[in-house]
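J.: Please find one structure pasted underneath; my questions will follow.
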Amino acid sequence: KMTQQMRDLQLAQARKPPGPSSPNAAKRLYRNLSGKFRVNYTSFDEGSLVGRGEKEKLRKSYLFQSNAALFEAVELQDLDRVQELLKQYSPEELDLNTPNSEGLLPLDIAIMTNNAPIARALLQAGAKESPHFVSLESRSLHLSTLVREAEQRVNELTAQVVNEAPNADCSEKEKQLKAWEWRFRLYKRMKAGFEHARVPDAPSNVLLSVASSSSLQVTFWEPLSVNSAVVTKYKVEWSCSPTFSPPLGEAVIDKLKNLHFTIQGLVSGTTYYVRVSAYNMKGWGPPQASVPPCAIPSNWREYDGRAPRRRGQAEALDHLLGQVKTVHQHCVCHEPCKNQPQSRKHSVSKSLKHLFHPGSKFLKTLKRGLYLTAIFYKDDNILVTHEDQIPVVEIDDTYSCLLMQDFLWFTKVSCMWEEILWLRQCVTVSQSSCSCILQTRFKMLLAISQMQGLLGIQDLGQVFFEPVKDKQGNILIVTLKEVKTNQTFESVRWVPICKLQTSRKSVSSPEEPTALDMLLISVQDKLAYHQRSSHALPPGLYLGYLKLCSAVDQIRVLVPEQLPNILCHVKIRSNPNISREEWEWLQKMASVEEPVPAEPEADTSQNPLFQELQVAIRELMTLVNIPLQEAKDFRLYSQEVLDFGDKVSFLLLLPPSDNVCTAPGQNNPYTPCSGFLTLPLQIFELGEER
């Protein structure tokens, strides 16, 4: 009979009946799940349920069926069904780590039948081994008991079938006999798998890197050998001694979706040794030392004690803005507002009437002038007026100033949509005698306020990097904003973009389209640009390529279309940190005053960063269509590492000093392949900040 330990376990699990125990039973269960039980229980007609108690009862029955189906799928080695169940239900709904009446978990069955694909799928979902197997002896004893009891049951049923005359009862016992014969073979296969297994080999490709001035990161792969049982966890150990005596700490990793671990809380400047070992049902295997065997937590800033460039900048700017506001509160332009508090109601009434004035409506057609249009989109829909027009308001119908200067000023204002009223009050100080530029900018603020009032929203989104201009003298400044919630707007409605494009009747010729027609034709490109410009890079260290070109009124920077808020780049590695030792090596390379070497030298060929940079430079040169032999004249920017938060950092690759910025009319022999564009430098800086 079962040992006392397993009897207690069975009593504890009495509430959970065993699942089907034969292939035929499993098929019947699958048929049930494909029909009645596969749908979510909340989809049943609420009127057919007596109350919450019956709903909860149905839910528990439904989840029990899914748990039993998982056990059957693992026993039948049905990988597709296992993956389907893991995708359809959460680990809690499946009772993934609750033993069945035999004291087994799905992962136990998978690893003891040596089914590595199913075991890996279960491990990635958070499955664990049974906690009752505290030793090799207890696991062996438990398997022997299961085999013995199954064999005994097979013998009993065989005798009954042989000795009884054929009848309905005998037919039922024959079915039971087949089920127990199948389970007997399963237990014997599990017992044989356990007996033939051995401890795992050491993990492979154990790499150690410096993650920060107080942490190290270790990454590793599974053991190369496939002859041992499935690995279910790993152990990372660290010490200040190469013999690991005494050890400083260890961590067990049982979530195997990503095989890496960051050792936190270390002392900067101290040498640490790291090793990793693997575990399976036979125990811990030998440890594998990392490559390199030790590392020192550090950061490149420790080389010269440099503080982060942006430390305190945001707070300082907020403080400066607060000071400016305080000064303007006592300005002469605000005195009338203070002396006439009784006129506030009249002013509010007047401003409300202003919204209904004919001059405050959205425009249907453009005259010669400067205009503001706001594009709000959600999925494939766009916000339009009741006349099926993209919202447009007039800025200036007699515009004659320098467009680029005013446009770049407008992009800066877009960072302060909530402060437009205050900015208008500041600009009105000398409106009567102001210059053309100040008048235009005041009109821009008025147009912004008008658009905000008509739409009933302050945030108009991000400014597109260039205005839309036509040959009739119309100029459109475009803002873009994606709406992800059910937000309410005034005086507008949603329509599909394709419907708007097909239903709009153009009032211009194809040879000379108006700015509105040009906007509508290219709206998908602008929406794609807006979405891409908000994407973030995955964590890592990148090599960026800085290439500028100048015009009469601006400097533009080369960026990829797929990520226009970042320089042209390739990824060097996943670890964004540059250690002090790596930075010292880069400084040594820069002090030689020679270009980036094309071939490794003896003292640098073993430097991991050098090898990573060589690969990255080749990839970057191919990306921007520059012959590799030209890279010998390029330089790495050695003044600093560009840190974007704690997870992304950049090293810059610079062309020769004469070619960093291409002047107007200067021939650039190496034109990048398709997939790039040039942004005004100020626009790029704003996108980078976002």
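The values are calculated or read from the model by the stated rules, or taken from the named source; none is laboratory data. From a predicted model like this one, the values you see are computed outputs, not experimental measurements. Reconstructed Cβ throughout: ideal geometry from the backbone, glycine too, with neighbour counts over all protein chains shown. Heads up: the accessible areas ignore ligands, DNA and RNA and are worked out on the full protein's heavy atoms, side chains in. Shrake-Rupley method; radii C 1.70, N 1.55, O 1.52, S 1.80 Å.
J.: In whole Hz, what ³J(HN,Hα) sequence does the range 412-427 give by Karplus (6.51, -1.76, 1.60; θ = phi - 60°), x for Gly and Pro?
T.: Ordered by residue, 3J(HN,Hα) equals 5, 4, 5, 7, 9, 4, 6, 9, 4, 4, 5, 5, 4, 5, 5, 6 Hz.
J.: So, one more: For the range 173-285: lysine pairs with Cα atoms under 30 Å, gap of 8 or more or different chains, count?
T.: Count of close lysine pairs: 22.
J.: Put a dot 7 Å past each Cα toward the Cβ at K571 and S171; how far apart are the dots in nm?
T.: Taking the two extended label points, one gets 6.2 nm.
J.: Averaged per residue, what accessible surface does the range 207-298 expose to a 1.4 Å probe, in Å²?
T.: Dividing the accessible area of the range 207-298 by its residue count gives 47 Å².
J.: What dipole magnitude, in Debye to the nearest 20, does the range 79-133 give about its Cα centre under +1 on Lys/Arg Cβ and -1 on Asp/Glu Cβ?
T.: Here the range 79-133 has a charge dipole of around 200 debye.
J.: Still on this model: Could you give the dipole magnitude of the range 369-534 about its Cα centre, charging the beta-carbon of Lys and Arg +1 and that of Asp and Glu -1, in debye to the nearest 20?
T.: Charge dipole of the range 369-534: 200 debye, to the nearest 20.
J.: Multiply the residue separation of K364 and Q77 by 0.36 nm, subtract the distance between their alpha-carbon atoms, and state the gained length in nm to one decimal.
T.: 96.7 nm
J.: Using modelled amide H (1.01 Å from N, peptide plane; none on Pro or chain starts), what sits under 5 Å from the amide H of E561, excluding residues fewer than 5 places away?
T.: Under 5 Å from the amide H of E561 lie the amide H atoms of F676, L677, each far enough along the sequence or on another chain.
J.: Further, regarding this structure: Can you order the peptides 468-480, 528-540, 402-414 by their average number of other Cβ atoms within 10 Å per residue, highest first?
T.: 468-480, 402-414, 528-540
J.: Near the amide H of E222, under 5 Å away, which other amide H atoms are found, from residues 5 or more places off or on another chain, if H is placed in the peptide plane?
T.: Here S204 satisfy the definition.
J.: Give me the number: length gained by fully extending N163 to V252, i.e. 0.36 nm times residue separation minus the C-alpha to C-alpha distance, one decimal in nm.
T.: Difference between extended and current length: 26.4 nm.
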